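Take a look at the structure below.
The values are calculated or read from the model by the stated rules, or taken from the named source; none is laboratory data. Predicted, not measured: the structure shown is a model, and the values here were computed from it. Please note: Cβ atoms are built from the backbone with ideal geometry, for glycine as well, and neighbour counts cover all protein chains shown. Heavy atoms of the whole protein, side chains included, go into the accessibility calculation; ligands, DNA and RNA do not. Shrake-Rupley method; radii C 1.70, N 1.55, O 1.52, S 1.80 Å.
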Amino acid sequence: MPMFWPGLLLSLVPAALLNRPVGRLLRAHWVVGFVLLLGLGGVVVATLLPEAFQLSRDAVRHCTVRGGRPRSPYELLHVRHIELKLATYAPVGFAAALAGTRRRAAVALAGAAVLPFGVSALQYAAPVIGRACDVQNVWDGVQGVVLGAVAGLVAGPVVRAWRARAA
C-alpha cells in the first residue's frame, strides 16, 4: 500500500482539529478523541481508498464469503498480511472502550464493532475503488476492534487513576 503513510499523515489534520469536540462528545479526554479519529483515518486509508489513488475502470462488484472465520491466536501472531488490518482497527476499539461513561462506551464499542461490516458494504457498493469485500477482512477487522477494546478496558482504570492524580 504505497499511499498508506501519506494518507495516515493526512488524517492527522482532522484528528488534530476535531479531537476536543469528539472527546467532549464521548465525555473522555481529548487524547481519546484523537486516537479514535486517527484510527478511523487509518481504517479509511487502508480499506477504502483506491490502491495508489487510482480508480479501477474494470471493477467487478463481488464479495468473497467462502472461508471467512476468526483467526486463531497462532495466526494472529504469525500471519504478516493481517497485521495492518488489526493495527488499523485496534485504535478504534481502544478509544471506544475509553469513552467516558459506560453507556457511551457501550454505544462507541457497538459502532466500532459494526465498522468492519460497513467498510465491506462500501467496498461492495463502490466497485470503482478496486477493493473487493471479503468476509475474512470483516473477521480481521472485528478481531482488531476486540483486541483494541480489551486493551482499552484493561488500560481504563490506569488512565482514570492517572487523570485523577493529575487533576
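Is at least one residue of the range 121-131 under 17 Å from LEU38 (Cβ atoms) and either out of contact with any Lys or Arg (no Cβ under 7 Å at 6 or more places or on another chain) or outside any strand (DSSP E or B) (or both)? No. In summary, MET3 fulfils each of the numbered conditions (1) at pLDDT 75 or above; (2) within 25 Å of PHE117 (Cβ to Cβ) with the single exception of condition (1).
Residues are listed down the side, and each one gets a yes or a no for (1) open to solvent by 30 Å² or more (accessible area, probe 1.4 Å); (2) farther than 24 Å from PHE34 by Cα; (3) assigned to a loop (DSSP other than H, G, I, E, B); (4) touching a Leu at 6+ places or on another chain (Cβ under 6 Å):
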residue	(1), (2), (3), (4)
TYR74	yes, yes, no, no
TYR89	no, no, no, no
PHE94	yes, no, no, no
GLY100	yes, no, yes, yes
VAL107	yes, no, no, no
LEU115	yes, no, no, no
TRP139	yes, yes, no, no
VAL146	yes, no, no, no
VAL154	yes, no, no, no
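Scanning the range 120-135 for residues that are crowded, with 18+ Cβ neighbours inside 10 Å and closer than 22 Å to LEU86 by Cβ gives SER120, GLN123, ILE129, ARG131, CYS133, ASP134.
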